[in-house]
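Trainee: First the structure, which I've put down as structure tokens, then a few questions once you've had a look.
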Amino acid sequence: MVRIFCETRSEIPPLRGVRGVSFGSFLMPRYAKRILFDIVIFKNTPLAPLKGGILCLFIAVLSFISCEKIVEPSALESYGLPKVELQIMHDDLNTLNSHIYARREVPARLEIEGVRYKVFARYSGQTSINRWKKSFTFTFDEAEPFRQHQQYVLSAQTGDPTALNPTTGFWAFQQAGLMAPEIEPVALYLNREYLGLYFLIEPINEDFFRKRRQSLGALYEAVNANARFSFKEGYDVRLGFESRGVREDFFGDLERLLVILDETAPEDLPGKVDRLLDVENYLRYLAVSVLIHNWDGYFNNFRMHLDPALGKFQFVPWDMDHILTLHSPRSNIRGANELSERLLNNAAYRARYRAILLEFLEVRLTVEQLNAQLDTAAQKHARAYAADPVLSSTGISIFEHAESVKAFNQNWYAQIREDLEGLK
Amino acid sequence: MNLRILGLRFASAMSVALLFGSATTLFSQKKPELSGWIRMGMLKVHEEHEGESFYAAKLQFEVKLDKTLEAQIDLRAASTRHEIELREAYLKADVGKGLNLDFGQHKKRFGFEYQKSKENLRTVERTLVYRYLETFGFAGREMNFRYYRTTKERERPSGYSISLGYSEAHDLNVIGRWQRLRALGSFTLALNGLAQRDKMDNGAQMVWGLGLDLARDTEAHHLELEAFAGQDPFQSEFERDFGAGRKVYFTGGKFLYSHRFVISAATGKVFEPVFVTSFLAKDLDQYEVNTIELLPGVNYWFSPYARLSLNADFVLTNSPGNTNERTSVGSNYVLQMEVRW
């Protein structure tokens, strides 16, 4: 039997200069009988109206007698990472958990490495929103932004059982000279309960471009695993893209790009498509995606931004949990969407793409560099990973994951080298 | 003419008919009744260095559409939020003999405290077990349809309520409550049951909750005794997806006593000390890991519509690694003035 119900007075530890009380053993049957007896004996006496108060006093005295030691809470473990503490009140948690798909916002307190913020928190994510380990988006006070952002994402990256992909993926895009969100692994606590290893990820919005000295133009989010680059089969861009730019719900420039791709012969593409698309940027995005196996980034997790100063679309990667794994229909040196297919049908673009791939394979993104990055991430995340209730449930250590991904990369890079011939 | 066009025309005709029908009723209805409260005060969370002031308001509109139909809207605003929240919006139909139907967004009535609005509680906030039940939606608010019979002294000693609810998280539930006045001496006894189909990432699970409450309410004093047990949907889902697949059950209980010392019957001045103790074990397999709540408090009623409350809510929790010592994380002290109308 558990202690709270069965400890007898003889077992009650002596007072040790403690500061608080617990009601400990008053629930035990012996005391319960006594309480009832006390109420009964007060019946029909002048003290009868006070019997409730006497009962409370009796409970309070018993509580004090059965003092257990009340201690200061221990500091929360950071597992070698920045610590993020999120506090949400019970009724706000009720609102959050009863409106998962509506993504209702509730007030919350956020403490990141000792700095406190009053924020509004909501669940975020697409397919992962109803998973046990949920991602959050925070809205900060205008006067108190976080890393120059009004909003920030705390992602669970539930699609990645290795916890290595997000940092490695964004690192790879940055190595290629492309814009990519800043990412930082953290240890997250919700109301002092460890939720696990999470990633603070910079959202791609107006603040993102302002930080990079660009202004917000047309911005499209690829969603629903249905971002396509052809109107064939009656495709509607609203099925796979959300417009988040200066003109919300405007799709005109994106539709123009798709018309050009559909109606222009491959040899005529230069001079037409590059008026609207930064082709060099896309070929580099494609090359990195092929090397790190970003198969989700062909039709789902990416953003297209039309910088008003440049007047052309550029690609920005998003959500790197589904990388470094084989996906047979999309495991291809040419990528797997209509845009890559159309561009690589042009000999000049194909040659340029081949040159970029070679540059990455040999200089910017070698397999040794990629694998070293994995080792660094594994080392950094190891303790938070081991304590994470979800990640650790597989029984596979992060170092075992790293070894198998590194072996996969060796084979994949060798395969790409062989396939380069096909691009001539 | 295809079915879609026919359907659209039918819907348009129905809308016009409803609009005119409603307008006739609306022009003949009484003025809305307004009720609500304002609250202001100070909150100090134990582990925080500084306390915080707060203010909040509730505005409730009750519109009698006709003799038997009523619409209720509950709006809330608080210093912690940017916006006014539509907390409840529902229709209430009186079908006679104490029988009623409610439909819309309103309370999920599991347990004694959720039969009442916050302003009718003896404490400033709901107590420990309810705060836990709220986090996974056994209590709170949702869209539901409720059929119930109210109790009345001497005429209807027994009452019941059954509701079918659906939350935006795609959870479906049935909540039942039966209560009897003077079932045990002067105590009102009530039994609560909840069954919920809980939507998960890859499927669904059935979870349940049971509650028993005893309450005694007289001029001088008020007493509540409650006991709960049930299956925790969050932890059970975790165990199913990442653990050994076991179901996680919780149990809890509450004792609340308050005594009213009348200072002036003419003005309604009353001094009311309150004492609450609660117990919560979130996992019956680890029963020794639990939380105890001790809440001494007082309400000073300036009139039946205004009270000053002071609650010291001690929340004492031990941990799996150390069941002998408890921390007071989550304990808080509230001083609050509430005026209702």
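Trainee: Suppose we take every Cα in the range B:80-140 and form the convex hull; what volume per residue is that in Å³? Can you show the working numbers first?
Mentor: Details: hull volume 7.7 nm³, N = 61.
Per residue, the Cα convex hull of the range B:80-140 comes to 126 Å³.
Trainee: Taking K and R as +1 and D and E as -1, what net charge do the other residues with C-beta under 13 Å from the C-beta of A:ARG350 add up to?
Mentor: Numbers: positive: A:ARG334, A:ARG342, A:ARG352, A:ARG354, A:LYS424; negative: A:GLU267, A:GLU341, A:ASP419, A:GLU421.
Result for the neighbourhood of A:ARG350: +1.
Trainee: What is the Cα convex hull volume of the range B:93-340 when expressed per residue in Å³? Mind showing how you got there, number by number?
Mentor: On the way: hull volume 35.8 nm³, N = 248.
Dividing the Cα hull volume of the range B:93-340 by its residue count gives 144 Å³.
Trainee: Counting only other chains, what is the mean number of Cβ atoms within 10 angstrom of the Cβ of each residue in peptide A:85-94?
Mentor: Numbers: counts 0, 0, 3, 1, 5, 12, 10, 4, 7, 14.
Taking all residues of A:85-94 together, the mean is 6.
Trainee: Would you tally the net charge around B:GLU48, using a Cβ to Cβ cut-off of less than 10 Å, leaving B:GLU48 out, and scoring K and R as +1, D and E as -1?
Mentor: Numbers: positive: A:ARG109, A:ARG116, B:LYS44; negative: B:GLU47, B:GLU50, B:GLU52.
Residues near B:GLU48 contribute 0 overall.
Trainee: Averaged over all directions, how much area does the convex hull of the C-alpha atoms of the range B:263-321 cover when projected, in nm²? It would help to have the intermediate numbers written out before the result.
Mentor: Details: hull surface 19.8 nm².
Convex hull of Cα atoms, orientation-averaged projection: 5.0 nm².
Trainee: How about the range B:59-113: which GluC sites (Glu not before Pro) there are in a DSSP loop, with at most 13 other Cβ atoms within 10 Å of their Cβ?
Mentor: Numbers: sites: B:GLU62, B:GLU70, B:GLU83, B:GLU85, B:GLU88, B:GLU113; in loops: B:GLU83.
Sites meeting the loop and neighbour criteria: B:GLU83.
Trainee: Using the Kirkwood formula over every pair of different C-alpha atoms, what hydrodynamic radius in Å results for the range A:83-201?
Mentor: On the way: mean 1/r = 0.0671 Å⁻¹.
Taking the inverse mean of 1/r over all distinct Cα pairs, the range A:83-201 comes out at 14.9 Å.
Trainee: Let me ask something additional. Go from 0 up to the bin containing the longest alpha carbon distance in the range A:214-423, width 10 Å each, and give me the % of pairs per bin.
Mentor: 8, 31, 33, 20, 8, 1
Trainee: If you don't mind, there's one more thing I want to ask. Could you compute the net charge surrounding B:TRP208? Neighbours are other residues with a C-beta less than 12 Å from the C-beta of B:TRP208; K and R count +1, D and E count -1.
Mentor: Numbers: positive: B:ARG197, B:LYS247; negative: B:ASP198, B:ASP232.
It works out to a net charge of 0.
Trainee: Provide B:ARG154, B:ARG122, A:ARG147 in ascending order of the number of other Cβ atoms located within 10 Å of each residue's Cβ, fewest first.
Mentor: So the residues, fewest neighbours to most, are B:ARG154, A:ARG147, B:ARG122.
Trainee: Oh, and also: Arranged from highest to lowest average of other beta-carbon atoms within 10 Å per residue, in what order do the peptides B:327-336, A:284-293 appear?
Mentor: The peptides rank, most packed first, as A:284-293, B:327-336.
Trainee: Pop out the ³J(HN,Hα) list for the range A:137-145 in order, Karplus 6.51 cos²θ - 1.76 cosθ + 1.60 with θ = phi - 60°, rounded to Hz; leave Gly and Pro as x.
Mentor: Result, ordered by residue: 10, 10, 10, 9, 5, 4, 7, 9, x Hz.
Trainee: Shifting gears a bit: Over the C-alpha atoms of the range B:38-188, what are the Rg and the largest Cα-to-Cα span, Dmax, in Å?
Mentor: Computed over the Cα atoms of the range B:38-188, radius of gyration and Dmax are 17.5, 55 Å.
Trainee: Mind checking which aspartates and glutamates have their C-alpha under 17 Å from B:LYS64, skipping anything on the same chain fewer than 8 residues away?
Mentor: Reachable aspartates and glutamates: B:GLU33, B:ASP74, B:GLU88, B:ASP94, B:ASP102.
Trainee: How many angstrom separate the Cα center of the range A:201-246 from the Cα center of the range B:275-299?
Mentor: Cα centres, the range A:201-246 to the range B:275-299: 50 Å.
Trainee: To the nearest 20 Debye, how big is the dipole of the protein assembly as shown about its Cα centre, given +1 on the beta carbon of each Lys and Arg and -1 on that of each Asp and Glu?
Mentor: 2900 debye
Trainee: I would also like to ask the following. What ranking do A:SER404, B:SER53, A:SER155 get, fewest neighbouring Cβ atoms within 10 angstrom at the top? Let's see the in-between values first.
Mentor: Details: A:SER404 13, B:SER53 10, A:SER155 22.
The fewest-first ordering by Cβ neighbours comes to B:SER53, A:SER404, A:SER155.
Trainee: Highest mean first, how do B:230-238, A:273-281, A:73-81 rank when packing is the count of other Cβ atoms within 10 Å averaged over residues? Intermediate values should be presented prior to the final figure.
Mentor: Values: B:230-238: 20.9, A:273-281: 18.4, A:73-81: 14.4.
Ranking, from highest mean packing down: B:230-238, A:273-281, A:73-81.
Trainee: So which of B:LYS152/B:LYS282; A:LYS380/A:LYS424; B:LYS44/B:LYS254; A:LYS118/B:LYS58 end up more than 30 Å apart by C-alpha?
Mentor: On the way: B:LYS152/B:LYS282 36 Å; A:LYS380/A:LYS424 41 Å; B:LYS44/B:LYS254 23 Å; A:LYS118/B:LYS58 23 Å.
The answer is B:LYS152/B:LYS282; A:LYS380/A:LYS424.
Trainee: Just counting partner chain Cβ atoms within 10 Å, what average do the residues of peptide B:306-319 show around their Cβ?
Mentor: Neighbouring Cβ atoms belonging to other protein chains average 2 per residue here.
Trainee: For the protein assembly as shown, what is Rg from Cα atoms divided by 2.2 N^0.38 Å, rounded to two decimals? Please list the in-between numbers first.
Mentor: Values: Rg = 31.2 Å, N = 765, 2.2 N^0.38 = 27.4 Å.
Relative to the 2.2 N^0.38 Å estimate, the protein assembly as shown comes out at 1.14.
Trainee: Work out the mean other chain Cβ neighbour count within 10 Å for the residues of B:161-170 and drop it here as an integer.
Mentor: Values: counts 0, 0, 0, 0, 1, 0, 6, 9, 10, 3.
Per residue, the average neighbour count from other chains is 3.
Trainee: Rg (Å, one decimal) plus Dmax (Å, integer) for the alpha carbons of the range B:42-94?
Mentor: Just the Cα atoms of the range B:42-94 yield Rg and Dmax of 16.9, 54 Å.
Trainee: Another question, if that's okay. Just report the Cα centroid separation between the range B:211-270 and the range B:74-112, whole Å.
Mentor: Each part's Cα centre sits 21 Å from the other's.
Trainee: Can you put A:PHE140, A:PHE313, B:PHE250, B:PHE54 in order of Cβ neighbours within 10 angstrom, beginning with the fewest? Before the final figure, lay out the partial values.
Mentor: Numbers: A:PHE140 18, A:PHE313 25, B:PHE250 22, B:PHE54 15.
With the fewest neighbours first, A:PHE140, A:PHE313, B:PHE250, B:PHE54 line up as B:PHE54, A:PHE140, B:PHE250, A:PHE313.
Trainee: Which of the peptides A:123-129, B:161-167, A:417-423 is most tightly packed, and how do the rest follow, going by the mean number of other Cβ atoms within 10 Å of each residue?
Mentor: Working: A:123-129: 17.4, B:161-167: 19.1, A:417-423: 12.4.
The densest-packed peptide leads the list: B:161-167, A:123-129, A:417-423.
Bear in mind that the values in this text are calculations on the coordinates, not laboratory data. What you are looking at is a predicted structure, and each value in this text was computed from that prediction instead of being measured. All Cβ positions, glycine included, derive from the backbone under ideal geometry; neighbour counts span all protein chains shown.
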